[in-house]
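Heads up, the thing below is written out as structure tokens.
The values are calculated or read from the model by the stated rules, or taken from the named source; none is laboratory data. As the structure is a computational prediction, the values presented were derived from the model and not from experiment. Every residue, glycine among them, receives a Cβ derived from its backbone with ideal geometry; neighbour counts consider all protein chains shown. Heavy atoms of the whole protein, side chains included, go into the accessibility calculation; ligands, DNA and RNA do not. Shrake-Rupley method; radii C 1.70, N 1.55, O 1.52, S 1.80 Å.
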Amino acid sequence: MTTAPADPATRSRTPAPTTAPRIRVDRPTLADGPELWRLAREAETLDVNSPYSYLLWCRDFAATSAVARDAAGRPVGFVTGYLRPDAPATLLIWQIAVDASVRGQGVAGILLDRLTARIAAEQRLDGLETTISPGNTASERLFASYAERHGARVTRKVLFDEEHFPGGAGHHEAEVLHRIAPLS
């Protein structure tokens, strides 16, 4: 496990990205399921689940997920997560995707900030976890930036080795668990 503390000079909480277009962030609804599936598929970097799973996610995990909408109300990004049953003050981020039309404009950071703020307003939230495949530098930067903004540390360890996946080594990269804590 390696630990990368946030730079003490940035612990004053750097602001969330502000280059994002005018978006509204709220809970996903059942009607958003097909759009979340589309965004995941078009991201070309996610393990895309079935359309059915996105419908279930919007129904069963809307309280721990968020969708970004453009001025017309169309979903342009999402983050899905859940509170870990064995660690209910820990939010595991399952997937995050942003439409190509708004990539690079801070939408993913805004989604994470607003989702965790909403959950923290409703209950205790001590930490955030996600898994990132080696070489996914965009996700590494996103979560490192989130940790900086929230004055938290990032710890990393392999959660699932290649051998854990069907087909064994060579069929799926290892998944590295990134834990961001403590959240204040």
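Of everything in the stretch 105-131, what is out of contact with any Leu (no Cβ under 7 Å at 6 or more places or on another chain) and either of a type in the set (Lys, Arg) or over 22 Å from residue 85 (Cβ atoms) (or both)? Give them in sequence order. Across the stretch 105-131, the qualifying residues are 105, 106, 107, 110, 111, 113, 114, 117, 118, 124. Of the set (1) open to solvent by less than 30 Å² (accessible area, probe 1.4 Å); (2) farther than 19 Å from residue 125 by Cβ, all apply to residue 91 but (2). Conditions first: (1) modelled with pLDDT of 95 or more; (2) closer than 15 Å to residue 35 by Cβ. Residue 48 passes all but one, so which condition is the exception? Checking residue 48 against (1) modelled with pLDDT of 95 or more; (2) closer than 15 Å to residue 35 by Cβ, the one that fails is (1).
Taken over the stretch 54-68, residues that are open to solvent by 50 Å² or more (accessible area, probe 1.4 Å) and within 19 Å of residue 113 (Cα to Cα) amount to 1.
Pick from 71, 40: which is open to solvent by 80 Å² or more (accessible area, probe 1.4 Å), over 23 Å from residue 121 (Cβ atoms) and touching a residue at least 12 places away in the same chain (Cβ under 8 Å)?
On the way: 40 fails: open to solvent by 80 Å² or more (accessible area, probe 1.4 Å).
Criteria check complete, one pass: 71.
Scanning the stretch 152-175 for residues that are touching a Ser or Thr at 6+ places or on another chain (Cβ under 6 Å) and open to solvent by less than 70 Å² (accessible area, probe 1.4 Å) returns 155, 156, 159, 175.
Checking the structure you have, find out if any residue of the stretch 77-84 is closer than 26 Å to residue 171 by Cα and either open to solvent by 10 Å² or more (accessible area, probe 1.4 Å) or of a type outside the set (A, V, I, L, M, F, W, C) (or both).
Step one: of the stretch 77-84, the residues closer than 26 Å to residue 171 by Cα are 79-81.
Next cut, either open to solvent by 10 Å² or more (accessible area, probe 1.4 Å) or of a type outside the set (A, V, I, L, M, F, W, C) (or both) only: 80-81.
There is at least one residue in the stretch 77-84 that is closer than 26 Å to residue 171 by Cα and either open to solvent by 10 Å² or more (accessible area, probe 1.4 Å) or of a type outside the set (A, V, I, L, M, F, W, C) (or both).
Inspect the stretch 140-151 for any residue being open to solvent by less than 60 Å² (accessible area, probe 1.4 Å), more than 13 Å from residue 96 (Cβ to Cβ), small (Gly, Ala, Ser) and in contact with a strand residue (DSSP E or B) (Cβ under 8 Å, 6 or more places away or on another chain) and give the result as yes or no. Within the stretch 140-151 (the criterion being open to solvent by less than 60 Å² (accessible area, probe 1.4 Å), more than 13 Å from residue 96 (Cβ to Cβ), small (Gly, Ala, Ser) and in contact with a strand residue (DSSP E or B) (Cβ under 8 Å, 6 or more places away or on another chain)), the answer is yes, since at least one residue qualifies.
A quick yes/no check of all residues on (1) of a type in the set (A, V, I, L, M, F, W, C); (2) modelled with pLDDT under 95; (3) on the phi > 0 side of the Ramachandran plot:
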{"site": "38", "(1), (2), (3)": "no, no, no"}
{"site": "43", "(1), (2), (3)": "yes, yes, no"}
{"site": "54", "(1), (2), (3)": "no, no, no"}
{"site": "60", "(1), (2), (3)": "no, no, no"}
{"site": "66", "(1), (2), (3)": "yes, no, no"}
{"site": "69", "(1), (2), (3)": "no, no, no"}
